[in-house]
Amino acid sequence: MNPNNPPLSELSVDDPRFWETLYHNEEDHWELGSSAPPLVSHLRKDPPPKGKVAVLGCGRGHDARLFSQLGYDVWGFDFSETAINEAQKIGGDQDGHLRFECRDIFKLPEIYPAFFDVIWEYTCFCAIDPKRRPDYVQTVLQILKPGGHFLANFWPVRDGTGGPPFPVQRSEIERLFGPYFSFLTAYEPSNSVRGRQGKEWFVHARHVGY
Ligand SMILES: C[S@@+](CC[C@H](N)C(=O)[O-])C[C@H]1O[C@@H](n2cnc3c(N)ncnc32)[C@H](O)[C@@H]1O
């Protein structure tokens, strides 16, 4: 991290330096050290068909690694160089089907239009400025193939506004994604990690059109 970066209070969440500072100061309290239990159980009982997977705001890449171990072709994206370097250092790629790329997710439609069969979201939606949520939905739509699968574990699902993590409500998830996606299933996971129980909403949806 550049020592001349401004203090955190002067940085916006849209700026990768905000997240770089948190990683550098070991204030990455979201870090689980392994893949998210609700994802593990969902992929065991109701996996999307094998194909290309994008993991948005992948951090150190534990969820991307899980998809790769299960035979998916995986791209993990994060705009923090520290996160991507650490994800690459941890590795886990057996046969060239797992890559980590340092990219702003909002730029992905230019590089990967209609490219992915599956998108996985966990703790990236809550990291972006809520004003950009419609752009986030458009990003997902534009990089997903028609008929592609969107899997997300939204957190924190509660009232309120401040963040990150910026809270979301179920009604907002339905309002934002409903026009473009058919929800195959949506439920409160029973195995959320400590501190997140009762505040998560797992969605498995399919892209139905623009
Ligand atoms: C709360 S952390 C979660 C990381 C990871 N999903 C996990 O659960 O460990 C949010 C991550 O999203 C990344 N991020 C935020 N906005 C982003 C953007 N516009 N493009 C790419 N990555 C972004 C941050 O750098 C950070 O690594």
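The values are calculated or read from the model by the stated rules, or taken from the named source; none is laboratory data. This one's a predicted model, so the numbers in the text were calculated from it and none came from an experiment. Reconstructed Cβ throughout: ideal geometry from the backbone, glycine too, with neighbour counts over all protein chains shown. When the accessible area is computed, the model is the full protein with side chains, heavy atoms only, and any ligands, DNA or RNA have been set aside. Shrake-Rupley method; radii C 1.70, N 1.55, O 1.52, S 1.80 Å.
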Potential extension, residue 93-residue 208 segment - 0.36 nm per residue separation minus Cα distance: 38.2 nm
How much of the DSSP bridge set in the stretch 77-210 is antiparallel, in percent, rounded to the nearest 5? 55 percent
Cα-Cα longer than 30 Å, checked against 52/89; 45/145; 52/107; 89/131, kept in input order, equals 89/131
Mean residue ellipticity at 222 nm from the helices of the chain, using -39,500 (n - 2.57) per DSSP H segment of n ≥ 4 over the full residue count, to the nearest 500 deg cm²/dmol? -7500 deg cm²/dmol
Under the Karplus curve 6.51 cos²θ - 1.76 cosθ + 1.60, θ = phi - 60°, whole-Hz ³J(HN,Hα) for the stretch 159-168, x wherever Gly or Pro sits: 6, x, 9, x, x, x, x, 7, x, 9
Accessible surface ranking that places the most exposed of 103, 196 first, with a 1.4 angstrom probe: 103, 196
Residue 10 and residue 172 label points (each 7 Å along its Cα→Cβ direction) are spaced in nm at 2.9 nm
Residues of the stretch 45-123: accessible area per residue with a 1.4 Å probe, Å²: 42 Å²
Amide H contacts under 5 Å for residue 99, placed H, 5+ residues apart: 74, 75, 76
Quick one: among 153, 85, 25, which has the greatest mean-square fluctuation in a GNM of the chain with alpha-carbon springs under 10 angstrom? 25
Which of 64, 186, 83 fluctuates most in a GNM of the chain (C-alpha springs under 10 Å)? That residue is 186
Would you rank 102, 58 by solvent-accessible area, highest first, keeping every protein chain in place and using a 1.4 Å probe? 102, 58
The extension gain from residue 45 to residue 102, computed as 0.36 nm times the residue separation minus the Cα-Cα distance, is 17.4 nm
How do 12, 190, 68 rank by accessible surface area computed with a 1.4 Å probe, from largest to smallest? 190, 12, 68
Full-extension gain between residue 114 and residue 34, please, as 0.36 nm times their residue separation minus the C-alpha to C-alpha distance. 25.9 nm
Can you pull the one-decimal nm distance between simple spin-label points at residue 197 and residue 81, each 7 Å off the Cα toward Cβ? 4.2 nm
Just read off the accessible area of residue 149 with the full protein assembly in place, 1.4 Å probe, to the nearest 10 Å². 20 Å²
Quick one: Cα centre-to-centre distance for the stretch 100-114 and the stretch 144-178, in angstrom? 20 Å
Net charge near residue 13, counting Lys/Arg +1 and Asp/Glu -1 over other residues with Cβ under 11 Å of its Cβ? 0
Rounded to a whole number, what % of the accessible area of the chain do carbon and sulfur atoms account for, probe 1.4 Å? 49 percent
Suppose every K and R has +1 on its Cβ and every D and E has -1 on its Cβ; what is the size of the dipole of the stretch 84-210 about the Cα centre, in Debye to the nearest 20? 260 debye
If the elastic network links every pair of Cα atoms under 10 Å, which of 171, 192, 34 fluctuates the most in the Gaussian network model of the chain? 171
